[in-house]
1. Which of the numbered conditions does residue 231 fail, given that it passes all the others? Conditions: (1) hydrophobic (A, V, I, L, M, F, W, C); (2) out of contact with any Cys (no Cβ under 9 Å at 6 or more places or on another chain); (3) surrounded by 23 or more Cβ atoms within 10 Å (Cβ to Cβ).
2. Spot the failing condition for residue 356; the list is (1) closer than 30 Å to residue 454 by Cβ; (2) at pLDDT 95 or above; (3) open to solvent by 20 Å² or more (accessible area, probe 1.4 Å), and only one is missed.
3. Go over the candidates 355, 332, 341, 337 one by one and state the one that is of a type in the set (A, V, I, L, M), in contact (Cβ under 8 Å) with a residue 60 or more places away in the chain and touching a Lys or Arg at 6+ places or on another chain (Cβ under 6 Å).
4. Any chance you could count how many residues in region 393-419 are under 18 Å from residue 341 (Cβ atoms) and surrounded by 14 or more Cβ atoms within 10 Å (Cβ to Cβ)?
5. Kindly provide the set of residues from region 171-193 that are in a helix (DSSP H, G or I), open to solvent by 20 Å² or more (accessible area, probe 1.4 Å), more than 26 Å from residue 83 (Cα to Cα) and touching a helix residue (DSSP H, G or I) at 6+ places or on another chain (Cβ under 7 Å), ordered by number.
6. Considering only residues that are open to solvent by 70 Å² or more (accessible area, probe 1.4 Å) and either touching a residue at least 12 places away in the same chain (Cβ under 8 Å) or outside any helix (DSSP H, G or I) (or both), which ones fall in region 38-57?
7. Of all residues in region 194-207, which are out of contact with any strand residue (DSSP E or B) (no Cβ under 9 Å at 6 or more places or on another chain), open to solvent by less than 60 Å² (accessible area, probe 1.4 Å) and assigned to a helix (DSSP H, G or I)?
8. For the subset of region 420-435 comprising residues that are under 15 Å from residue 309 (Cα atoms) and of a type outside the set (A, V, I, L, M), which member is most open to solvent (accessible area, probe 1.4 Å)?
Amino acid sequence: MSTLTTAPGPLAATSHPLQRAGAWAIAVLAERAIPQEVTESDLDSVASRLVDDISAAALAAKDTAAYDWWKVLFALYPNSKATHSKRSRDRAVLLPGIAEMFVPDAPGAPTRPCTFCGTAAATVWTKTALPMFDTNKALNTLPPGVPGWSVCRGCRIAAWALPYGAWVTAGSATVLSCEEDGVEREFSARNVLRARRIMHLGFSGLRAGARPELVAVRALRSLRGGLPAAATLWSFKNDNQDPWLRVTRTRRAVPVFLATVEGNTELRRGWRLLELALTRHDKHGHVTTSGSAESARLLFEAEDGRSRSLLSQLHYLLDEPDGSWTRGDRSALTGLAFTYAKEILGMNPDLTPVATVIADWIEHGSGSPRGRLAEYRNVALSDYKLGTLLLQAHFRLTLDGRPVAAGPEDWRPLIQQRPRAWEQRMLLAAGVLQLLQERGVAVNEKPVDADEQARTEQLLEQPVLAAGVDDEMGAA
């Protein structure tokens, strides 16, 4: 991906997500507000730091924490001078080759426009020094006589500053792009601190369970007032055998939704209940899966459609057969589901009439309410089966002389194969369950444990998306 934007200074943040992430990392490392404020002196300083860190990683023994940063570099630049298996282990030999990557262009040398920013560049790089650039399946795909891609000094340094501003693992990196510069800077600043920790302590020095989505959502939440802004996470591995790229996005309304949640007591409770339900511990009580991180992940939608949605997760929580939600808990989770549908998906359906029909049928039909609820649960997300059940409920209530709150026209949006019908059926289920609980219809045999409820209430007092015991680095 090439985006030509002439840079007035030595560094520009282009729309190429990897170059842009590196440019923001340089700005953070140089303590500048934006990449465009970076000076030549700043580039010298950052380049010197890169050379020191890269050399230290390339020479680190495999049983040291510093070697973990080499793993990061290997995942991004597998054939570079710093990561190649045939690299020298002599610092005096290795250092000049690494430093050479970031030196200014020779005066008077022939130039071409930089592949990324359009600035005049005399240096040509091949894919061995560029992360996720061209395929690793072939040695070279450039036309005959073309030595590589022109890259200016600022973009060369940005290419290797990338892992500082990215959320990295030993085998992949994730960068963020957003409409709002402040979100990108906060994401980068958090990761620069994390990178330094990895260099000193290794990945074992970080707590388990963290995810880049949580860092991104916290940055989006910083847009006070709920300013609309979309964010994209680009996760990739630049592997010699199996390189991959995964793209996930939030909708522009996510900051608005987060501001709404934080400003409403019941919605905050619903979000904390979601976080607690998604948290996992090992047998020693240590967090293995962060509820905050997993809930943040639900706000991102994968480009290939292979991602869980927050609405579906709430549906399954409310639908758990062995769940034991209090009336307040169910109301909070249901409210969160409807608010998400309204703010994020633009849905504001009136499902009360249809929910009333199903609740009336469960409460007053033949057999036990628990059995009828199980019957509804089995068909709740199927358009055809739900239509069949609604027809059955309509006849049953009519034959019993009871009023029927909704007819076929009210059912239509729920039983057709049309956009958002799936989401409406999820919301309908939440509404039915809440109505049953409000009416006191006994459908759950599991009693609420008073001590467990008291412990839960204490945990619910914590802020949403908060840095706590499940956060790998503590408060941002």
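The values are calculated or read from the model by the stated rules, or taken from the named source; none is laboratory data. These numbers were taken from a predicted model, which means no experiment stands behind them. Every residue, glycine among them, receives a Cβ derived from its backbone with ideal geometry; neighbour counts consider all protein chains shown. For the accessible areas, the whole protein counts, side chains as well, though only heavy atoms, and no ligand, DNA or RNA atoms are used. Shrake-Rupley method; radii C 1.70, N 1.55, O 1.52, S 1.80 Å.
1. So the condition that residue 231 fails would be (2).
2. (1)
3. 332
4. So the count comes out to 3.
5. 185, 186
6. Once the filter is applied, which keeps residues that are open to solvent by 70 Å² or more (accessible area, probe 1.4 Å) and either touching a residue at least 12 places away in the same chain (Cβ under 8 Å) or outside any helix (DSSP H, G or I) (or both), region 38-57 yields 40, 45, 49.
7. 199, 203, 205
8. 422
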